[in-house]
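Rule-based calculations on the coordinates, nothing more; no lab input. It should be emphasised that the depicted structure is a prediction, and the values quoted were computed from it without experimental measurement. For neighbour counting, all protein chains shown are included, and Cβ atoms are generated from backbone atoms with ideal geometry for every residue, glycine included.
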Protein chains: 2
Amino acid sequence: MKRALRYTSTVSALPATVPFTGPESMERAATGQPFAARLGANESVYGPSPRVVQAIADAGPDVWMYGDPEAHDLRHALARHHGLIADAIVVGAGIDGLLGTLVRLLVAPGDPVVTSAGAYPTFAYHVAANGGALHAEPYRDAFEDPTALVAKARETHAKLVYIANPDNPMGSFHSAAVIQAMIADLPDDCALALDEAYIDLAPPGAAPLFDMGDPRVIRLRTFSKAHGLAGLRVGYAIGAPVTIRMFERVRDHFGVGRLAQTAAIAALQDVEWLRHVKAQVAAARLELADIAARHGMAALPSATNFVTIDCGRDGLFARRVLNGLLARGVFARMPLVAPLDRCIRISCGRPQDHAVFETALQGVLADLAGPDTDAGA
Amino acid sequence: MKRALRYTSTVSALPATVPFTGPESMERAATGQPFAARLGANESVYGPSPRVVQAIADAGPDVWMYGDPEAHDLRHALARHHGLIADAIVVGAGIDGLLGTLVRLLVAPGDPVVTSAGAYPTFAYHVAANGGALHAEPYRDAFEDPTALVAKARETHAKLVYIANPDNPMGSFHSAAVIQAMIADLPDDCALALDEAYIDLAPPGAAPLFDMGDPRVIRLRTFSKAHGLAGLRVGYAIGAPVTIRMFERVRDHFGVGRLAQTAAIAALQDVEWLRHVKAQVAAARLELADIAARHGMAALPSATNFVTIDCGRDGLFARRVLNGLLARGVFARMPLVAPLDRCIRISCGRPQDHAVFETALQGVLADLAGPDTDAGA
């Protein structure tokens with residue numbers, strides 16, 4: 001008999017390759033040099049708070065100790081911050097990790113789940129990994145469509161619906177009232193994963209009030225965006241304690257490191273730094289919109305730390321623009337699904353990053369305007 | 001209709017509470033003060049290498065960037081270290097995280113899995129979370145029983161067998177030849193999770209050669225023990241590339257942070273520090289054995305950074321000893337399953353930690369020798 005393992009039928013049916021190519025892989029495949037501008041992962045190029053940098057240095061000698069599996073201090077700091085009880089909060093290894101846990105709690109092979117076509121691919125990845133049947137509703141222009149998502153959830157008797165507010169990759173947002181109406185219409189036995197990774201950067205009025213009496217809504221937050229801690233993996237979920245308690249049954253209890261917890265507490269305390277980052281992001285959005293306009297393209301309004309730019313033609317053209325940018329040392333990404341894929345997505349940068357981007361864009365567009373060219377598509 | 005989510009049948013059947021009480025929880029429940037000696041989690045109280053501490057401080061400003069999802073540099077450093085190709089290695093959030101991924105790859109509800117009764121509880125936790133049917137074989141004295149494990153795997157047509165070498169919680173180890181024989185006897189379609197968390201601290205000759213032609217064996221290593229990086233969450237699995245590749249289908253690609261990868265590379269390079277830690281551990285084992293002997297107890301031989309002490313009576317007595325130690329500010333643990341639970345487990349410490357331990361032990365035993373006492377059981 002040949003030696004071969006028996007993977008689960010769900011795993012056996014999954015694609016052998018997964019599309020999570022990081023910028024480092026692209027750099028290695030290309031020049032071997034770092035990108036001249038790293039604007040593709042919606043990281044906070046403005047960095048973490050100096051108080052976080054200090055806290056990390058101070059905590060280095062203590063990394064021999066496991067992190068508190070209850071993340072007591074961080075959860076209590078978050079509870080105070082949000083005016084909630086700590087039992088409403090569970091900490092996890094970023095929103096990716098928390099989405100993985102949430103999907104495992106709810107989704108068995110064949111179970112229906114609803115998302116938007118072109119929304120955050122890692123959610124779809126987790127649903128596939130659990131054998132769920134994913135139904136994807138189209139966007140309405142640059143917006144996820146709460147009404148259609150809820151209708152599809154009702155139609156399919158979905159166990160779980162995903163929406164991001166603000167949205168990635170389009171940068172749009174819905175008001176709290178719209179999200180509230182979505183929640184009110186949600187079937188009584190359907191969970192809502194409300195991904196608020198970018199909420200710190202949205203205009204006031206985008207986040208509904210927390211409703212601890214509703215077991216269906218799981219709000220997902222992260223320190224990876226506005227707080228600039230992407231490299232430490234720390235996020236949290238907020239929900240009714242009856243729901244949050246379920247995470248204990250399957251989560252990796254020691255999965256959030258001691259250093260990550262310490263750094264997150266320091267980040268939460270530095271309100272001034274968050275204000276600084278917000279101001280930088282607001283200015284960067286305007287700069288990126290100006291650059292787009294100067295080159296005959298339209299930047300979509302953004303409630304996030306990135307700007308989605310409509311290249312004005314089809315997905316093939318936008319892909320050519322993106323590939324041209326990559327070839328010129330600008331790390332950027334684009335939506336993967338039509339018709340969103342007429343756009344490219346540029347993270348907010350510093351003026352020097354934007355200068356690199358604009359020079360590259362100018363070169364790409366000049367090349368693409370020439371006869372029979374193909375900027376690497 | 002009442003609002004209530006539909007958890008999977010596997011999750012619904014899981015116990016509502018899980019026994020991962022960290023030392024911080026115990027401290028909060030008791031005096032609110034840190035334990036006087038933290039000797040319960042087999043952490044490396046000797047700390048991380050000074051070069052790691054420096055690398056962490058240097059990398060602090062860069063935590064705004066996600067970690068490389070391929071962990072290219074760390075995997076290649078590990079490959080060089082072990083004389084393997086990088087495709088034989090996948091990095092994960094500690095052995096806990098890797099075990100979780102491995103179990104998800106193989107175990108669907110009802111699938112048979114084999115372990116030892118009283119072995120690492122997190123493995124059993126992951127099997128339960130996936131609905132697996134866990135069969136537990138008894139230890140033979142202080143040893144996991146490879147022959148019995150393989151026989152049980154054959155009998156139950158198990159998909160996966162777990163063994164730790166060296167073993168936790170007993171501290172024993174098998175020679176490479178014994179493990180090799182176990183692998184040779186393993187059914188052709190059964191995976192072996194060979195947990196080598198403590199292998200850096202074992203005598204030479206405990207680790208079999210790597211066999212890249214055998215898809216069944218997954219070796220699990222960590223930076224949490226000898227390298228002192230428990231608070232950063234970084235481990236790795238070694239196996240045939242055909243097996244390691246399967247992790248890509250379900251793992252959390254951005255789950256190992258940038259700082260953790262950087263620190264692990266620095267730790268791997270500091271061969272001198274590892275040597276220092278090994279010497280400290282060797283000395284500490286002798287000291288702990290002396291302490292046990294001075295109080296009429298027998299320390300078991302240890303191939304790890306902890307010493308398991310046979311308290312010489314039953315589980316109830318050992319539990320009383322343990323509770324007495326905890327009440328006196330010594331964080332320690334004990335095996336959970338009879339007959340192993342006649343023992344307590346003390347992590348290797350510094351002389352000052354051992355002094356605290358010995359004083360506490362003396363007090364506990366004096367109390368327990370008195371009439372009708374109960375040291376908090």
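What shape does segment A:98-172 have by the C-alpha gyration tensor, where a ≥ b ≥ c are the square roots of the eigenvalues, rounded means a/c under 1.5, and otherwise prolate means a/b greater than b/c and oblate the rest?
It is oblate, given that a/c is not under 1.5 and a/b is not larger than b/c.
Show which lysines lie in cross-link reach of A:Lys225 when reach means a straight Cα distance below 23 angstrom and same-chain residues fewer than eight apart are skipped.
A:Lys278
What are the extents of the Cα atoms of segment A:50-269 along their three principal axes, listed from largest to smallest and rounded to whole Å?
54, 36, 30
What is the projected area of the convex hull of the Cα atoms of segment A:236-377, averaged over all directions, in nm²?
11.9
Please work out the ratio of the alpha-carbon Rg of the protein assembly as shown to 2.2 N^0.38 Å and round it to two decimals.
Taking the Cα Rg and dividing by 2.2 N^0.38 Å, one obtains 0.97.
Within segment A:313-333, list the residues whose amide N lies under 15 Å from a label point set 7 Å along Cα→Cβ of A:Ala366.
A:325, A:328
Non-local amide H neighbours of A:Thr222 (under 5 Å, H modeled in plane, Pro and chain starts lacking H): which ones?
Here the answer is A:Tyr236, since their amide H atoms fall under 5 Å of that of A:Thr222.
Gain in length, B:Asn323 to B:His157, computed as 0.36 nm per residue apart minus the alpha-carbon separation, to one decimal in nm?
Gain in length upon complete extension: 55.7 nm.
Once amide H atoms are placed 1.01 Å from N in the peptide plane, what residues at a sequence separation of 5 or more from A:Arg140, or on another chain, have their amide H within under 5 Å of its amide H?
A:Asp145
Jot down the radius of gyration and Dmax of segment B:161-276, Cα atoms only, both in angstrom.
Final numbers for Rg and Dmax: 15.0, 41 Å.
Along segment B:5-16, what does the Karplus equation 6.51 cos²θ - 1.76 cosθ + 1.60 (θ = phi - 60°) give for ³J(HN,Hα), rounded to whole Hz, x for Gly and Pro?
Result, ordered by residue: 7, 9, 6, 4, 5, 4, 5, 4, 7, 6, x, 6 Hz.
Could you work out [θ]222 nm for the protein assembly as shown from helices alone, using -39500 (n - 2.57) per DSSP H run of at least four and dividing by all its residues? Round to the nearest 500 deg cm²/dmol.
Per the formula, -12000 deg cm²/dmol.
Over chain B, what is the percentage of antiparallel beta bridges among all DSSP beta bridges, to the nearest 5?
That works out to approximately 50 percent antiparallel.
Which ³J(HN,Hα) values in Hz, rounded to whole numbers, follow from the phi angles of segment A:301-310 under the Karplus curve 6.51 cos²θ - 1.76 cosθ + 1.60, where θ = phi - 60° and Gly and Pro get x?
With coefficients 6.51, -1.76 and 1.60, one gets x, 10, 10, 9, 9, 9, 10, 9, 10, 6 Hz.
If you take every DSSP beta bridge whose two residues both sit in segment A:50-269, what share of them, in percent to the nearest 5, is antiparallel?
35
What are the radius of gyration and Dmax of chain A, computed over its Cα atoms and given in Å?
Spelled out, the Cα radius of gyration and Dmax of chain A are 21.1, 66 Å.
What average count of beta carbons from other chains do you get within 10 Å of the Cβ of residues in B:241-254?
6
Which shape class, rounded, prolate or oblate, goes with segment A:180-248 when its Cα gyration tensor gives a ≥ b ≥ c as root eigenvalues, a/c under 1.5 marks rounded, and past that a/b bigger than b/c marks prolate?
Since a/c reaches 1.5 but b/c is at least a/b, the shape of segment A:180-248 is classed as oblate.
At 0.36 nm per residue, and after removing the present C-alpha to C-alpha distance, how many nm does the segment from A:Arg245 to A:Arg28 gain when stretched out fully?
This chain segment gains 73.9 nm when fully extended.
Short version: ³J(HN,Hα) in whole Hz for each residue of segment B:275-280, in order, from phi by Karplus 6.51 cos²θ - 1.76 cosθ + 1.60 (θ = phi - 60°), x for Gly and Pro, what are they?
With coefficients 6.51, -1.76 and 1.60, one gets 4, 4, 5, 4, 5, 4 Hz.
Counting only trypsin sites (Lys or Arg not before Pro) that are in a DSSP loop and have at most 13 other C-beta atoms within 10 Å, tell me the longest site-free stretch of chain B.
B:3-312
Within 10 Å of each residue's Cβ, count the other Cβ atoms and sort B:Thr243, A:Thr10 from fewest upward.
A:Thr10, B:Thr243
Out of all DSSP beta bridges in the protein assembly as shown, what portion is antiparallel? Express it as a percent rounded to 5.
Counting only bridges with both partners in the protein assembly as shown, antiparallel ones make up about 50 percent.
Counting pairwise Cα distances across segment A:22-94, what percent come out greater than 19 angstrom?
I get 63 percent for the Cα pairs in segment A:22-94 exceeding 19 Å.
Given H placed on each backbone N at 1.01 Å, which residues far from B:Val161 in sequence or on other chains put an amide H within less than 5 Å of it?
B:Val114, B:Ala191, B:Leu192, B:Ala193
Under 8 Å for C-alpha pairs, at least 6 residues apart: give me the relative contact order for segment B:246-318, rounded to a whole percent.
It comes to 17 percent, rounded to a whole number.
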